[in-house]
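Here's the structure, in structure tokens; my notes come after.
The values are calculated or read from the model by the stated rules, or taken from the named source; none is laboratory data. If you're wondering where the values come from, they're calculated on a predicted model, not measured in any experiment. Cβ placement follows ideal geometry from the backbone for every residue including glycine, while neighbour counts extend to all protein chains displayed. With ligands, DNA and RNA removed, areas are computed over all heavy atoms of the protein, side chains included. Shrake-Rupley method; radii C 1.70, N 1.55, O 1.52, S 1.80 Å.
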Amino acid sequence: MASSWHSLVSQKIFLARTLLGQLDGNDSVPAREALIQGAVELALRARKLVLVMVARMYQDKLGRPESLEALTELLGDEIPETAELNQLVNEAHSWWNHLEQLERHQGNPPAAKKTVSDENVIAVAADTGPDRSKQALEQTLSAIKNFTDTLEERHSEW
């Protein structure tokens, strides 16, 4: 049943928010980084579980799609959920794309920093990576929660 998957997604979002709540007043750099990375990992897990939730909503009891492409291959692109998710992929500031950026950032080693000397001082924009602020992560978690709540409501009416 899809509602058990909805509960699991909601749990991951709740746990990620719990970690973000511990950022306030925590001045330890390693602890702050651990809390942020933990919240990101839970959000990424929630996104994967959204795909499984959609598959279950369409009575696919065995499907565990790992990507939106796999979900679309499994269920087709005619269903509203794959269309909505594909639309999120094409929106630059969507929760889906924010998580894509966070996943790339968190899954790769940090870029090597260049040393600054008098000979190589040139003004360039540095890539600072995705927004990992508490506010940005909270917005993304809220957007995932709203998306899954809407799906659950839509399918529980049947």
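Among the criteria (1) out of contact with any helix residue (DSSP H, G or I) (no Cβ under 8 Å at 6 or more places or on another chain); (2) open to solvent by less than 80 Å² (accessible area, probe 1.4 Å); (3) in a helix (DSSP H, G or I), the one Q87 does not fulfil is (2).
The residue of segment 125-145 that is most open to solvent (accessible area, probe 1.4 Å), among those that are part of a loop (DSSP other than H, G, I, E, B) and either touching a helix residue (DSSP H, G or I) at 6+ places or on another chain (Cβ under 8 Å) or at pLDDT below 95 (or both), is D127. Within segment 68-116, the set of residues being among the hydroxyl-bearing types (S, T, Y) and more than 16 Å from R132 (Cα to Cα) comprises T72, T82, T115.
Counting only residues that are within 14 Å of K145 (Cβ to Cβ) and not in a helix (DSSP H, G or I), segment 1-58 holds 0 of them. Only one of the listed residues (I79, I122) is at pLDDT below 95 and under 19 Å from K48 (Cβ atoms). That residue is I79.
Condition (residue is under 22 Å from R17 (Cα atoms) and open to solvent by less than 50 Å² (accessible area, probe 1.4 Å)) applied to segment 60-72: is it met by at least one residue? Within segment 60-72, not a single residue is under 22 Å from R17 (Cα atoms) and open to solvent by less than 50 Å² (accessible area, probe 1.4 Å).
Is there a residue in segment 35-55 that is open to solvent by 40 Å² or more (accessible area, probe 1.4 Å) and at pLDDT below 95? No, every residue in segment 35-55 fails to be open to solvent by 40 Å² or more (accessible area, probe 1.4 Å) and at pLDDT below 95.
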